[in-house]
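The values are calculated or read from the model by the stated rules, or taken from the named source; none is laboratory data. Predicted model, so just to flag it, every value in this text is computed and none were measured. Reconstructed Cβ throughout: ideal geometry from the backbone, glycine too, with neighbour counts over all protein chains shown.
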Amino acid sequence: MHDIMDPSGFVLLADAVPGIIQEIRYYSTYNFIGERIDGYEEPVALLTREAARALKEVSFELAVQGYRLKIYDAYRPARAVRQFVMWGIEDTDIRMKPYFYPDLVKQELFAKGYIASHSSHSRGSTIDLTLFDMQTGKDVDMGSPFDLFDVKSHPDCRDLTDEQYGNRMTLRNSMLRHGFAPIDCEWWHFTLDGEPYPDTYFDFPVSSAYLRR
């Protein structure tokens, strides 16, 4: 077990993978809770060295096809996950329901696997991402937006156009080729196989300053 406050095995993803776009949703208020999440002190992505190295290979491969990677979330402090859990259990606030879970009661988000009481993100080798099309200057159409908690976000959902499904497979196949494993309910979520800290849920803040201490 490693020290949960020790960021020495982590890197700033923008330094490790040139050309990524970062839209760190939990630093902003545009997320399923509707406010900045605990522990997000800067809108940057942090990742373990090993996961960043693998993602760099994905980035190179997809750049040849005209895409850049857009990152929504990477390392997530355990305190952020605790906030998710408390919001799910106690908080009556549902102001973001129309955008992120229109067809679910928020308590169902746990039972259906969209929110976990312990997140693989806190182990530092999990990433949420999409593709950005350099030719059009827009996000690639994946058929559902990031963090839409709905069957439509399941990677194998066929209630999509062929183009949308194909876009998902472009991202998925590249991630799989470079050692990342998907999950069955979110097309944007991948974890590095053989991750370096499989049993440690880190809790240091998302901050480049903390990383450099």
Could you say whether any residue in region 95-102 is among the charged types (D, E, K, R), in contact with a Ser or Thr (Cβ under 6 Å, 6 or more places away or on another chain) and not in a loop (DSSP other than H, G, I, E, B)? no
Right, ARG212: within 18 Å of ARG68 (Cβ to Cβ) and not aromatic (Phe, Trp, Tyr) or not? no
Contacts under 9 angstrom Cβ, first residue in region 170-193 being more than 15 Å from ASP73 (Cβ to Cβ), partner of a type in the set (Lys, Arg), 6 or more apart: HIS178/LYS56; PRO182/ARG172; CYS185/LYS112
Go through the residues of region 47-57 one by one and say whether even a single one is touching a Ser or Thr at 6+ places or on another chain (Cβ under 6 Å), farther than 21 Å from HIS118 by Cβ and part of a helix (DSSP H, G or I). no
Can you report the number of residues in region 70-119 which are of a type in the set (Phe, Trp, Tyr) and over 25 Å from THR130 (Cα atoms)? 1
Could you please tell me which pairs satisfy a Cβ distance under 6 Å, a separation of 6+ or placement on different chains, a first residue in region 69-92 that is touching a residue at least 40 places away in the same chain (Cβ under 8 Å) and closer than 19 Å to PHE190 by Cβ, and a second residue that is basic (Lys, Arg) and buried (at least 18 other Cβ atoms within 10 Å of the Cβ)? TYR72/ARG25
Can you tell me how many residues in region 117-144 are of a type outside the set (Ser, Thr, Tyr), in a loop (DSSP other than H, G, I, E, B) and loosely packed, with under 15 Cβ neighbours inside 10 Å? 4
Kindly indicate whether ASP147 is surrounded by fewer than 18 Cβ atoms within 10 Å (Cβ to Cβ) and at pLDDT 95 or above. no
Take region 19-29 and flag every residue that is surrounded by fewer than 18 Cβ atoms within 10 Å (Cβ to Cβ), touching a residue at least 40 places away in the same chain (Cβ under 8 Å) and part of a loop (DSSP other than H, G, I, E, B). GLY19
Got at least one residue in region 117-134 being over 25 Å from TYR27 (Cβ atoms) and either within 17 Å of the chain's Cα centre (by Cα) or in contact (Cβ under 8 Å) with a residue 40 or more places away in the chain (or both)? no
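Return the residue satisfying two criteria in turn: it lies in region 178-213 and is outside any loop (DSSP other than H, G, I, E, B) and among the β-branched types (Val, Ile, Thr), and of such residues it is farthest from ARG49 (Cα to Cα).
Among those that are outside any loop (DSSP other than H, G, I, E, B) and among the β-branched types (Val, Ile, Thr), it is VAL206.
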I'm trying to understand the selection: among the residues of region 155-175, which are surrounded by 15 or more Cβ atoms within 10 Å (Cβ to Cβ) and either among the hydrophobic types (A, V, I, L, M, F, W, C) or out of contact with any Pro (no Cβ under 9 Å at 6 or more places or on another chain) (or both)? CYS157, LEU160, GLN164, TYR165, ASN167, THR170, LEU171, SER174, MET175
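If the requirement is being modelled with pLDDT under 95, in contact with a helix residue (DSSP H, G or I) (Cβ under 9 Å, 6 or more places away or on another chain) and under 24 Å from TYR201 (Cα atoms), which of these qualifies: ILE127, ILE89?
Only one candidate qualifies: ILE89.
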State all residues of region 160-175 that are over 24 Å from ARG25 (Cβ atoms) and either in a loop (DSSP other than H, G, I, E, B) or hydrophobic (A, V, I, L, M, F, W, C) (or both); if no residue qualifies, say none. THR161
